[in-house]
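Below is one structure, written out as structure tokens, with a few remarks after it.
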Amino acid sequence: MKKKIVISNGCNNNCSFCIVPFVRGKEKYKSLYNIILEIYVKKIVISVLLGQNVSSYNFKNLFFKKKIYFDNLIKFLDKIYFLKKIDFITSNPKDFLKKNFIKNIFSNSKISKYLHLPLQSGSNKVLKDMKRKYNIKEYSNIVTKIKKISKKFFFGTDIMINFFETIKDFKKTIKIINYFKYDKIYFFKYCSMPNTLAYYNIKKYKNYTKLKINILKKISKNNIIINSIKMLGKKIKIIVIKKNEKIYICRSYNNRKVYVSSKKKIDIYSVLNVRILNFYNKVLFGINES
């Protein structure tokens, strides 16, 4: 079954718009032992690792001479025989700039082929004001490196509008969204929160909030259709979740729901290769070819 595992709490990043460090404090990490124990006790087949900044995980105790970083954690979990798929959310792009970090994570066989990688803005100026600690070129390089590992990768992101942005800044965000064809986008309207760094530096711009949200929603819907079309005829790996009459309801490794027809009986939580024949919005329809 799909289960969420909280591996960290708090955040050390101090983005200028975010109140999490003030509310939840500095990052604290669940021990490697307790994470693995939770998976075994609950018999977790699909795990979702959670944290305000899950990719910054680093744990050390007397049993380990070296720190266990997030990429090390993924390698440990990849070896659990009944664990079929590993998802994680939410990560910070700056962590993926570390040497070999991307290769060490996404070369594992059970890792999800979907990554939620918050962009927040397509403007370097806005990212700097947000204190996000990466720029558009670095972000683009991360996506490019991951796609080299698997072309079937899908990406999701967070976009914040009205954070001291001009129309020029917003147009840059649209350009990036169109370029990367995100499969899921969460939109957030900037809300000034007390104690955050941005709270003390309020600037006034024309917001055009409704117009911006409508534009982003339309682009997002188009990107989903484009990604679905690209899947047609492709063979992809899926996990069987449950059966509904003659149809098996499955989940692809890039986090799409997939309806699969099969002449053979399929066991729940089986990992199969299916060929995609059709789609409706985000739902894919395929046939078992395993």
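Express the accessible area of the chain per residue in Å², computed with a 1.4 Å probe while the remaining protein chains stay in the model. Solvent-accessible surface per residue comes out at 54 Å².
Computed 3J(HN,Hα) for segment 155-163, one whole-Hz value per residue from the Karplus formula 6.51 cos²θ - 1.76 cosθ + 1.60 where θ = phi - 60°, is 10, x, 7, 10, 10, 9, 9, 6, 7, glycine and proline marked x.
Charge tally for residue 6 (other residues, Cβ to Cβ under 10 Å; Lys, Arg +1; Asp, Glu -1): +1.
Along segment 41-54 the Karplus relation, 6.51 cos²θ - 1.76 cosθ + 1.60 evaluated at θ = phi - 60°, assigns HN-Hα couplings of 5, 8, 6, 6, 8, 10, 9, 10, 7, 10, x, 4, 9, 4 Hz to successive residues, with x for each Gly and Pro. Between residue 148 and residue 265, the FRET efficiency from the beta-carbon distance, with R0 = 45 Å, is close to 0.75. Using only Cα coordinates, the Kirkwood hydrodynamic radius of segment 156-290 works out to 17.4 Å.
Structural size metrics of the chain, computed from C-alpha coordinates, are Rg and Dmax of 20.2, 64 Å.
Amide H to amide H, with H built 1.01 Å from N, residue 255 comes under 5 Å of 113, counting only residues 5 or more places away or on other chains. The convex hull of the Cα atoms of segment 80-139, projected and averaged over all directions, covers 4.7 nm². Modelled spin-label separation between residue 100 and residue 229, with each label point placed 7 Å from Cα along the Cα-to-Cβ direction: 4.1 nm. With no solvent and one point per C-alpha, what does the Debye sum give as log10 I(q)/I(0) for segment 1-123 at q = 0.20 Å⁻¹? Reported log10 I(q)/I(0), two decimals: -1.22. Test of understanding: in a Gaussian network model of the chain with alpha carbons linked when under 10 Å, which of 157, 209, 90 would top the mean-square fluctuation ranking? Per the Cα network of the chain with a 10 Å cutoff, 209 tops the list. For segment 202-255, the Kirkwood radius over C-alpha pairs fed into Stokes-Einstein at 4 °C and 1.567 mPa s yields D = 88 µm² per second. So if I take the centroid of the Cα atoms in segment 72-104 and the same for segment 40-65, what is the distance between those two points in Å? First find each Cα centre; the distance between them is then 10 Å.
In deg cm²/dmol, rounded to 500, what helix-only [θ] at 222 nm does the chain give when every DSSP H run of at least 4 residues adds -39500 (n - 2.57) and the total is split over its residues? Numbers along the way, then the final one.
Details: 8 runs with 89 residues, N = 290.
About -9500 deg cm²/dmol.
A cut-off of 5 Å between modelled amide H atoms, ignoring neighbours fewer than 5 places along the same chain, links residue 119 with 158.
If R₀ is 45 angstrom, what is the calculated FRET efficiency for the pair residue 278 and residue 90, using the beta carbon separation as r and rounding to 0.05? Present the calculation step by step, with values, prior to reporting the outcome.
Details: r = 32 Å, r/R0 = 0.71.
Efficiency at R0 = 45 Å is approximately 0.90.
Going by accessible surface with a 1.4 Å probe and the largest first, 18, 250 read 18, 250. Atom-type composition of the exposed protein surface of segment 12-111 places 59 percent of the accessible area on carbon and sulfur (1.4 angstrom probe). Heavy-atom accessible surface of residue 289, to the nearest 10 Å², is about 80 Å², with a 1.4 Å probe and all protein chains retained. Taking amide H atoms as placed 1.01 Å from N in the peptide plane, the amide H of residue 60 lies under 5 Å from those of 68, each 5 or more residues away in sequence or on another chain.
For segment 234-261 versus segment 115-188, the spacing of their alpha-carbon centroids is 29 Å. Note on segment 204-290: with neighbouring protein chains present and a 1.4 Å probe, carbon and sulfur make up 55 percent of its accessible heavy-atom surface. Applied to segment 12-18, the Karplus parametrisation 6.51 cos²θ - 1.76 cosθ + 1.60 on θ = phi - 60° returns per-residue 3J(HN,Hα) values of 9, 7, 6, 4, 5, 9, 9 Hz, with x for Gly and Pro.
The values are calculated or read from the model by the stated rules, or taken from the named source; none is laboratory data. These numbers were taken from a predicted model, which means no experiment stands behind them. Note: ideal-geometry Cβ built from the backbone for every residue, glycine included; neighbour counts use all protein chains shown. Note: accessible area is taken over every heavy atom of the protein model, side chains too, but ligands, DNA and RNA are not part of it. Shrake-Rupley method; radii C 1.70, N 1.55, O 1.52, S 1.80 Å.
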